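The values are calculated or read from the model by the stated rules, or taken from the named source; none is laboratory data. Given the structure is predicted, the values throughout are model-derived calculations rather than measurements. Please note: Cβ atoms are built from the backbone with ideal geometry, for glycine as well, and neighbour counts cover all protein chains shown. Calculation scope for accessible area: heavy atoms of the full protein, side chains included, ligands and nucleic acids excluded. Shrake-Rupley method; radii C 1.70, N 1.55, O 1.52, S 1.80 Å.
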Amino acid sequence: MSELILVTEAGADQKKSTALAEKLQISVVSETNLQEESGLFLKLGQDGLSLRQGKLEMRGDFVQMLPRLKQGRLQGEMLVKAAKLKNFPGTPVVLDATAGMGEDSMLLAAAGYEVFLFEKDPVIAALLEDALDRAAQDAVLQKIVGRMHLQSGDSINAMQEGRVSADIVYLDPMFPARSKSGLIKKKFQLLQQLERPCADEEELLQAALAVHPKRIVIKRPAKGPYLAGRKPSYSIAGKAVRYDCLVP
């Protein structure tokens, strides 16, 4: 992959552009000075931060999820069913250890959970942070976003070192077999150029167990193998995905 750059549109927030470039340690190029770019690059415009390559573009947009967040439909989401703790006093805390673009965390936050999101890839984390900032400006999403807390760094280290606690740990790791799936939307092919498949499934699972949650929920392709070969306590399966639930 060629060196990532940040392209800024006219009218974009220059302070945000400078801060983002420093954080990611990448070069900034104004759109007017951009040569033809065939590689992967970030673009900051008035409509937010996006990841682009050729005609492919990916920008986090939680507003598009509003139909799924209506209570009637929300309670039918498999993930919400998988994460439900019966007779739990108070608000359950979820640790999303592999947040990606945060759509699953948004579902859980909309269902009333307090969600802490970890995303180890700094570029994906920047895209997620930008999407959350824009969602916080929406009257309907604002309260939901208030229950979503983006954390920096690798969740495995945080879990192993006892720096986090949660009632539920949610895992959705990328792994090699998934990269060949015809179900993957083209825009997510961009993310796969940044995020490597899970290198050690056993380490990830053991780190989650070290948190001592009441439940670990693992998202897998419907016919995919169990994470680290660990058979779950039970599963909730659909046509495309399956949620394996471990009750330690």
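Table: residues versus (1) part of a loop (DSSP other than H, G, I, E, B); (2) buried (at least 20 other Cβ atoms within 10 Å of the Cβ).
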site	(1), (2)
L194	yes, no
A199	yes, no
A208	no, yes
K219	no, no
K223	yes, no
K231	yes, no
S235	no, no
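Hey, can you tell me all the residues within the stretch 131-158 that are outside any strand (DSSP E or B), open to solvent by less than 70 Å² (accessible area, probe 1.4 Å) and within 22 Å of L171 (Cα to Cα)? Matches in the stretch 131-158: A131, L132, I144, V145, G146, R147, G153, D154, S155, I156, N157, A158.
Applying the condition of being surrounded by fewer than 21 Cβ atoms within 10 Å (Cβ to Cβ) and acidic (D, E) to the stretch 61-98 and asking which residue is nearest to L209 (Cα to Cα) yields E77. Within the stretch 99-130, being open to solvent by 20 Å² or more (accessible area, probe 1.4 Å), of a type in the set (D, E, K, R) and at pLDDT 95 or above holds for E103, D104, E114, E129. Of all residues in the stretch 139-153, those that are within 20 Å of T91 (Cα to Cα) have Cβ atoms under 6 Å from Cβ atoms of residues that are open to solvent by less than 50 Å² (accessible area, probe 1.4 Å) and in a loop (DSSP other than H, G, I, E, B), 6 or more apart or on another chain, in Q142/A136; V145/A136. Residues that are among the basic types (K, R) and under 15 Å from L4 (Cβ atoms) were ranked within the stretch 35-60; the one that is least open to solvent (accessible area, probe 1.4 Å) is K43. Sub-6 Å Cβ pairs linking a first residue in the stretch 51-74 that is farther than 17 Å from Y113 by Cα to a second residue that is open to solvent by 70 Å² or more (accessible area, probe 1.4 Å), at least 6 apart or interchain, are L56/K186, ordered by first then second residue. In summary, strands (runs of 3 or more DSSP E) completely within the stretch 1-103 and bearing 2 or more residues that are of a type in the set (S, T, N, Q) and in contact with a Leu (Cβ under 8 Å, 6 or more places away or on another chain) occur at 48-53.
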